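Let me begin by presenting the structure, written as structure tokens, before commenting on it.
Values in this text are rule-based calculations from the coordinates and carry no lab data. In this text, all values refer to a predicted model and were calculated from it rather than measured experimentally. Virtual Cβ from ideal backbone geometry, glycine too; neighbours counted across all protein chains shown.
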Amino acid sequence: MVEGRGAKMMFSSAIAHQPLALVNARLVGASSLSAEWRRGRGGVLIVDGLIRDAGPGVAQANLPSHARILDCGGDVVSPGLIDMRAFVGEPGAEHRETIASATAAAAAGGVTTILARPDTFPPVDEASVVDFLLRRARDTGRVRVAPSAALTQGLRGEEIAEIGLLQQAGALAFSDGAHSIRNARVLRRAMSYARDFDALVIHYAEDRDLAGEGVMNEGEFATRLGLSGVPREAEAIVLDRDVRLAALTGARYHAALVTTSLSLEIIARAKAAGLPVTCAVSINHLTLNESDIGDYRTFLKLSPPLRREDERRELVAALASGLIDVIVSDHNPQDVETKRLPFAEAEDGAIGLETMLSAGLRLVSSGELTLDRLIEAMTLRPAEILRLPQGRLDVGAPADLIRFDPEEPYVVDPAKLHSRCKNTPFDEARMEGRVKLTLVGGEIVYEGE
Amino acid sequence: MPDPQRELRFPHRHLLGIEGLSPLDIAILLDLADEAVEVSRQVEKKRSTLRGRTLINLFFEASTRTQSSFELAGKRLGADVMNMSVASSSVKKGETLIDTAMTLNAMRPDIIVVRHAQAGAVHLLAKKVDCAVVNAGDGAHEHPTQALLDALTIRRNKGKVAGLIVAICGDILHSRVARSNILLLSALGARVRAVGPSTLLPAGLKRMGIETFTDMKAGLRDADIVMMLRLQRERMQGGFIPSAREFFRFFGLDEAKLAFAKPDALVMHPGPMNRGVEIDSAVADGAHSRIREQVEMGVAVRMAVLEALAQHLPNG
């Protein structure tokens, strides 16, 4: 269970024990309940912060008399999104983001659980920092914040972090954030040790030497723009090594971001061999490509870089087939000073918590992906990988729920985004599917106008 | 006391490892050691078994307890004992292991006790000398007298070794003590477990018939013997484990973890101990501990080994 929910104190504490029913909704999301409810409209009954019932049987007519009833008018109700890769700024980068601002953005974007990146200042390599994050999340967060902790001490890639003690403090996964571990012996030992604790290892696969000075995808576009490129192999070589180490050690391995078809081949082989290997793709790599960089737009400078359109399509197909497990926001707030620079000098990263659902819905409306699969990759699969009880419409699951109309159009206005930084690649973009309501543990943490 | 086994001589010229010893060979040594315990507990501890013989302690690696234990064992049996700490002598001047062995051999010793940092070095040396050779530890390979003294301690406390569950815990990877004990205790019919983080468990243990555990509580469950190994400080810097405090929390033997073993379990440690790293002081000094008894058994086992090898010496 993830601790740390400021929501309880900040919102509607007076009605904490009043049952809440979302009725007249289109339910989307995994459930062990009868498949029949998918056909028609239904509802979700929430008691004491947990889902008490879900399906067509939950309707206005047969609810407890004291229940508060919300008519969803046929909108989608699904589990809240679980984002396995976001930078929340604390501790040490509060000028870029705070738990308060990140979770406000998350709530508005329908994200109810954030796995926070450990490469903060200081990094999350001490049990006391995990404890700090959990307390900050409890006191200032609107949605759940689950800390991930460093895989190696100081993220230096040299010595194993205190995985046992960090796990006991509440770290849900182990990763060096944006750092890729260069030394295979170190990673092997870290994965062996993690396996003993049944800990999830999340690794960012990048051969830094091969990536070199590259700032965008290697190829025609980079050449035309006069920018140095990062070959796809920089990712694939390290991922291949990692998967072999997963086989050697038996550790649960999750590739933080895959962006190329070369990586997909490696993941496919690992899964076919039955290895405990999973992977994620960022919403950016699913919905944008290198040509969107256009006239040196630094908000689209990402690491790994945006790839070619044919690669993007392969990523979407792999997501549709389940080869890619999870969609992440890769939320990475960068302030104006570090983005308003020549492309090669600008920082990497884009914010994404608030727009990941809408951006994902683009793939649904274009027919590339089903709504069910989109929601699964943002709810059930991350919950399964992180072993969280959320992400499902099951009786007894925490009532982390969102309501949205997947077809309601809007235009992204950066000024209205909740993140402290406005480096969205979707500024002024036409989107569909704005979140209208977000519940965490049965309590309303966001309500759209 | 007429004992039919005593009529059987220990059949080996050297003691290079537990590997190659039969259960009967081991029993011969342990029986001799039982007698040596009695000798050592008398006021007059001196025997004349090795009178006139020369014993050289050749230690390429620093050691206090093993070297003094062999020295005492040799002296109690009447031998002339010479200690050579090679770490500070000709080896530093570039002499090879074989040249050192040939030089010593020319001095006509009867038994050489050797410790070396490299696995296999003692075997190499044994091929080049005419006298008996005892392995006092070669790299991460074997330390046969330690395993024998552990078995002696167990047998004297439990009356047997066969059928006991022995959990060897901690840094198995770098431990010659663990390897020798695995061979010896398995040969005598004990069920041996290796318990430690995966980073400190060597590959292939399961194929050697050893159960492995990465969780102390599971590994200690119903154990008759809990054998802790020394975690070497340099291993902590080497990236095998995150820190001493984490190691102690999850793999250090404290009262709570010991409670998973049998109520009459024995706690052992080859020494020297890192208190608060692999073992809690309360356990090291507690009622289950046989750590000090192990030291006493060490002298007795070494007397037994020297006596057994003396049977093969010329005019022995």
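Build a GNM of chain A with springs between Cα atoms under 10 Å apart, and of A:Ala194, A:Ala205, A:Ala61 the one that fluctuates most is A:Ala61.
Using Cα-Cα distances under 8 Å and only pairs 6 or more residues apart, what relative contact order does segment B:144-290 have, in percent?
23
Placing dummy labels 7 Å off each Cα toward the beta-carbon, the span from B:Lys206 to A:Asp48 is 4.3 nm. Spacing of the modelled spin labels on B:Ser281 and B:Lys127, each 7 Å from Cα toward Cβ, amounts to 5.0 nm. A straight chain from A:Glu345 to A:Gln18 at 0.36 nm per residue would run longer than the Cα-Cα distance by 112.4 nm.
Considering only A:His254, B:Ser48, B:Asn181, the residue lying farthest towards the positive end of the dipole of the protein assembly as shown is B:Ser48, judged by Cα position with unit charges set on Cβ. Sorted fewest first by neighbouring Cβ atoms within 10 angstrom, B:His12, B:His269, B:His174 come out as B:His12, B:His174, B:His269. If the elastic network links every pair of Cα atoms under 10 Å, which of A:Phe174, A:Phe404, A:Phe121 fluctuates the most in the Gaussian network model of chain A? Greatest mean-square fluctuation among the candidates belongs to A:Phe121.
Spatially, segment A:417-443 and segment B:104-153 are offset by 72 Å when compared through their Cα centroids.
How large is the dipole of segment B:144-290 about the Cα centre if only Lys and Arg carry +1 and Asp and Glu carry -1, each at its Cβ, rounded to the nearest 20 debye?
Here segment B:144-290 has a charge dipole of around 380 debye.
For segment A:397-449, the fraction of C-alpha pairs farther apart than 16 angstrom is 52 percent. Ordered by the count of other Cβ atoms within 10 Å of each Cβ, fewest first, A:His418, A:His285 give A:His418, A:His285. For chain A, modelled as a GNM whose springs connect Cα atoms under 10 angstrom apart, the maximal fluctuation among A:Asp209, A:Asp372, A:Asp119 occurs at A:Asp209. Which of the lysines could be linked to A:Lys301 by a straight reach, that is with a Cα gap under 19 Å, when you skip same-chain ones fewer than 8 residues away? By straight Cα distance, A:Lys301 reaches A:Lys339, A:Lys422.
What trypsin sites (Lys or Arg not before Pro) does segment B:118-157 have in DSSP loop regions with at most 11 other beta carbons within 10 Å?
B:Lys127
The calculated 222 nm mean residue ellipticity attributable to helices in the protein assembly as shown amounts to -9500 deg cm²/dmol, summing -39500 (n - 2.57) over DSSP H runs of n ≥ 4 and dividing by all residues. The trypsin sites (Lys or Arg not before Pro) found in segment A:377-430 that occupy coil by DSSP, while having at most 13 further C-beta atoms within 10 Å, are A:Arg387.
Pairs of alpha carbons in segment A:79-386 separated by more than 29 Å make up 30% of all such pairs. The alpha carbon gyration tensor of the protein assembly as shown gives principal lengths a ≥ b ≥ c with a/c of 1.5 or higher and a/b greater than b/c, which makes the shape prolate. Each part gets one Cα centre, and for segment A:104-142 versus segment A:144-189 those centres are 16 Å apart. When each of B:Met208, A:Met431 is scored by the number of other beta-carbon atoms lying within 10 Å, the sequence from fewest to most is B:Met208, A:Met431. Rounded to the nearest 20 debye, the dipole magnitude of segment A:79-386 is 540 debye, with +1 charges on Lys and Arg beta carbons, -1 on Asp and Glu beta carbons, and the Cα centre as origin. Spherically averaged projected area of the convex hull of Cα atoms, segment A:59-168: 9.3 nm².
Per-residue shielding of B:212-221, expressed as the average number of other chain Cβ atoms within 10 Å of the residue Cβ, stands at 1. Taking Cα atoms only, the orientation of helix A:127-140 departs from the longest principal axis of chain A by about 40 degrees.
Of all lysines in the structure, those lying under 20 Å Cα to Cα from B:Lys262, and not within fewer than 8 positions of it along the same chain, are B:Lys158, B:Lys160, B:Lys217. Computed over segment A:157-217, the percent of Cα pairs more than 15 Å apart is 52. Summing Cβ point charges (Lys, Arg +1; Asp, Glu -1) relative to the Cα centre of chain B gives a dipole of roughly 220 debye. Take each residue in A:162-174, count the other chain C-beta atoms within 10 Å of its C-beta, and the mean is 3. Straight Cα distances below 25 angstrom link B:Lys46 to the lysines B:Lys75, with same-chain residues fewer than 8 positions distant left out.
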